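Read-outs: derived from the displayed coordinates by stated rules, not from any lab. Source: prediction; values computed, not measured. Here Cβ is always computed from backbone atoms with ideal geometry, including for glycine, and neighbour counts include all displayed protein chains.
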Amino acid sequence: MVATSRNNLPTLVFLGSPEPAVVVLDALVAAGANIEAVVTQPDAKRGRGSLLSPTPVKMRALEHGLTVTHNISDLLTLKESTLGVVVAYGRIISADILEHLSMINVHFSLLPRWRGAAPVERAILAGDSQTGVCIMDVEATLDTGAVFAQSMTPILDSDTSESLTTRLSLLGADALIDVLTRWPVHATPQSADATYAHKISPTEGLIDWQQSSEQICRQVRALPAYCEHKGQRLRILEACQQPHQNGKVGEFVASDTIATSSGSVQILRVQPAGKAAMTAQDWLRGARVVVGDNIGI
C-alpha cells in the first residue's frame, strides 16, 4: 500500500542535485506532494571561489522547509510505501536502497536512446531532430527500467544544451505530476535498441576545423567549445553556419568567418581566456585578426 498526500499523490522522497532538478522539485511542492526528505550531493567548491556551496536542490529544499540529507542510507529508515523520485541525482543508487524503496526517474531523453550521463549534449551532437523526457522505473542497471510515460519536443537549430535542458525540465515536471496523480501506472519495457550518452570529456570541446561547419556549430551549441588562438584558449559561445568560401581550413575567409572542410563558420560571441564574454567583433578588433589569418596560429 503506497502512502499518499492530501492530493492523493504518493508520499515521496526526492533525489536530485543540479538546477534542472529544482524545476521538478518546485512542481512537486506546488502540487502539494508530501516530501519526506530530499537527498542531494554534499556541499562542494563551485565557481571561482574556494568556499563550499550547496547544490541548487539543497538551497531550494531548505527554502521550502524540507528535510535535507547527503546520506542516501538515511532512506533505509523510511517506510517502504514511500516512493523515490530521482532527477539528476549524480550517483548510482545501490541495490539495497532499491530493494527497500521503489523509485522512478525523470530522464532527459526518449529511452532507449541516450541512456547515461549526457543525453542532452549527445542528442545535439548527433543532430537528432527530436528528444524528450521519460518517466522510468529505476533499476540497478543504468537507465534500463520500464517507461511509465514520455513527452517529446523538437530539437531546434537554435537550441543549446542549456535551453534544451530548461525545456526538458519543464516537460519532465509536467509528465511526472501526471504519472503521480494516476499512480500506480502501467510501465512499458524498453526495446533492446539502446544508445549510450557517455559523460562529456573536456577534450571534446576542442574544435577541429577539419570537421564540417554543421558539426562544429552543433559542438558550439552542445558543449563548452573552444579553440586556440596565438597560444590562448578562446571559448566560442555562439556561431552559425555560412556557405563555403574560398580559403584553407581554419583560415579567416571574412572578418568573423572561418573556413572548414565543408562550409564555413561565422563566430558571433566568444570568451577569451581570463576575460568576460564579448561579441566576436569586439574580440576581433582587440586581437587584430585580418582575413587570411589562421585561427590556430
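In table form, for the structure just shown:
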item	result
Placed amide H near GLN211: partners under 5 Å, 5+ positions off or other chain	SER261
Residue-averaged [θ]222 nm for the chain, counting only DSSP H segments that reach four residues, each worth -39500 (n - 2.57)	-7000 deg cm²/dmol
Nearest 10 degrees, 0 to 90: helix 213-222 Cα axis against the chain principal axis	40 degrees
Cα gyration tensor, region 116-157 - rounded (a/c under 1.5), prolate or oblate	oblate
Given 15 as the ceiling on other Cβ atoms within 10 Å, longest exposed-site-free region of the chain for GluC sites (Glu not before Pro) in DSSP loops	140-297
3J(HN,Hα) from dihedral phi, region 260-270, Karplus parametrisation 6.51/-1.76/1.60, rounded to Hz, x for glycine, proline	10, 5, 8, x, 9, 10, 8, 8, 10, 9, 9
Label-to-label distance, nm, for residues given as ASN34 and ASP96 (7 Å Cα→Cβ offset)	2.7 nm
Degrees between helix 19-30 axis and first principal axis of the chain (Cα, 0 to 90, nearest 10)	40 degrees
Length-normalised contact order for the chain - Cα pairs under 8 Å, 6+ apart - percent	13 percent
Along each principal axis, Cα extent of region 202-287, largest first, Å	32, 28, 21
Candidate lysines for bridging to LYS230, where Cα separation is under 24 Å - those fewer than 8 sequence places away on the same chain excluded	LYS248, LYS275
Mean separation of Cα contacts under 8 Å, 6 or more apart, over the residue count of region 202-287: relative contact order %	26 percent
For LYS58, LYS275, LYS45, order by how many other beta-carbon atoms lie within 10 Å, fewest first	LYS45, LYS275, LYS58
Diffusion constant of the chain at 37 °C, which comes from Stokes-Einstein with the Kirkwood Cα-pair radius and 0.692 mPa s, µm²/s	156 µm²/s
Taking THR165, THR144, THR260 and counting other C-beta atoms within 10 Å, the order from fewest to most	THR144, THR165, THR260
Förster radius 25 Å - calculated FRET efficiency between LEU142 and GLN210 (Cβ-Cβ, nearest 0.05)	0.15
Using alpha-carbon coordinates, inclination of helix 161-181 to the longest axis of the chain, degrees	20 degrees
Anchor LYS79: lysines whose Cα lies under 29 Å away (excluding residues fewer than 8 positions away in-chain)	LYS58
Proxy reagent accessibility, fewest Cβ within 10 Å first, across THR257, THR160, THR40, THR188	THR188, THR160, THR257, THR40
